[in-house]
1. Applying the selection to region 63-85, what residues are touching a helix residue (DSSP H, G or I) at 6+ places or on another chain (Cβ under 9 Å), open to solvent by less than 70 Å² (accessible area, probe 1.4 Å) and within 23 Å of GLN33 (Cβ to Cβ)?
2. Within the group GLY73, GLY117, which residue is within 30 Å of GLN15 (Cβ to Cβ) and small (Gly, Ala, Ser)?
3. Consider LYS107 carefully, then state whether it is under 30 Å from ASN24 (Cβ atoms), open to solvent by 80 Å² or more (accessible area, probe 1.4 Å) and in a helix (DSSP H, G or I).
4. Looking only at region 9-39, which residues are charged (D, E, K, R), touching a helix residue (DSSP H, G or I) at 6+ places or on another chain (Cβ under 8 Å) and at pLDDT 95 or above?
5. State the number of residues belonging to region 15-62 that are more than 29 Å from GLU96 (Cβ to Cβ) and open to solvent by 50 Å² or more (accessible area, probe 1.4 Å).
Amino acid sequence: MSQPATVNVTWEDQQSINTFGRLNSRKRELEEQLKEKKSEFENLDEANDELALADEDDDFRLLVGEVFVTLKGDKAQAYVEAQKDTAEKEVSSLEEEIAKIVETLTKLKVQLYGKFGKE
C-alpha cells in the first residue's frame, strides 16, 4: 500500500478552514430562522385574508407579544398588514445574507479543494 501524500497546512489554510466551518454553521442557523419567518409570514397572510372577509365593526383579539389585545376590524387588519410587511422584509434580508454566505462558501470550497483535494 502506498502512503497518501502529506500536505502542509499553513496558518492561512487553517484560517480558511475555520472560516468555512463558521460560515457553514451560520448558514444553517439562518436557514432555520428563514424557515420560521416564512411560516410566520404565511400565518400573517392567512390572518389578513380572514380579516378582509370579516365585518369591520367586529372585535378581534390579537396576540401582541405575550398579551391579547382587542381591536376593531380595520385596526386589526392594519396591524396584521404591518406585521406581514415586517416579516416579508426580514425574509428578504435573511435570503440575501444566506446568498452572500453561499457565495463565500463556494469560493472557499474551490480554494480548499484546489489545495487539498476532495479527501
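1. The answer is VAL64, VAL80, GLN83, LYS84.
2. After ruling out the rest, the residue left standing is GLY117.
3. Judged against the criteria, LYS107 is a match.
4. ARG26, LYS27, GLU31, LYS37, LYS38
5. Result for region 15-62: 9.
The values are calculated or read from the model by the stated rules, or taken from the named source; none is laboratory data. All values derive from a computational prediction rather than experimental measurement. Because the Cβ atoms are built from the backbone with ideal geometry, glycine has one as well, and the counts that use them run over all protein chains shown. Heavy atoms of the whole protein, side chains included, go into the accessibility calculation; ligands, DNA and RNA do not. Shrake-Rupley method; radii C 1.70, N 1.55, O 1.52, S 1.80 Å.
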